[in-house]
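Step one of this worksheet: look at the structure below.
The values are calculated or read from the model by the stated rules, or taken from the named source; none is laboratory data. None of the values given here were measured: they were computed from a predicted structure. Counting neighbours? That spans all protein chains shown, and the Cβs are built from the backbone with ideal geometry, glycine included.
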Amino acid sequence: MITISEAITTIKKAENDADKLIEDSKIKSSEMIDEAKAKSMEMMETAKKEAQSQSETIISEAETNAKKEAVHISNRAQTDVQNIKTQSAGKVAEAANIIVKSVL
């Protein structure tokens, strides 16, 4: 049979063990929270860097496409201007012939 003193000692030991478990749990919980926060911050930073990189890529592609389109438009405009000049030159000669005929 357990004596009252032994029972009290056993209860006290159980209380101390429980207190130690609670303290260990608090520490572990705090460590897990800190780890989760750090991981979350790391993930957010990674996502931010990826988003920045993607936006830079999109902007670069848009600029490249715009430059290509500008060159295409410029080339087409030069061709159109040259065609108009050629047509105009032909009309000038024709107009000069008409004027010369009408004067004579």
Quiz item: From the list Lys48, Lys39, which residue is assigned to a helix (DSSP H, G or I), basic (Lys, Arg), under 20 Å from the mean Cα position of the chain (by Cα) and modelled with pLDDT of 95 or more?
Solution: Lys48
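Please determine whether any residue of the stretch 9-19 is loosely packed, with under 10 Cβ neighbours inside 10 Å, modelled with pLDDT under 95 and either within 42 Å of the chain's Cα centre (by Cα) or of a type in the set (S, T, N, Q) (or both).
At the first step, the residues of the stretch 9-19 found to be loosely packed, with under 10 Cβ neighbours inside 10 Å are none.
No.
Answer yes or no as to whether Lys28 is in a helix (DSSP H, G or I), charged (D, E, K, R) and within 24 Å of the chain's Cα centre (by Cα). Explain how you work it out, then say what you get.
On the way: in a helix (DSSP H, G or I): yes; charged (D, E, K, R): yes; within 24 Å of the chain's Cα centre (by Cα): no.
Against the criterion (in a helix (DSSP H, G or I), charged (D, E, K, R) and within 24 Å of the chain's Cα centre (by Cα)), Lys28 does not qualify.
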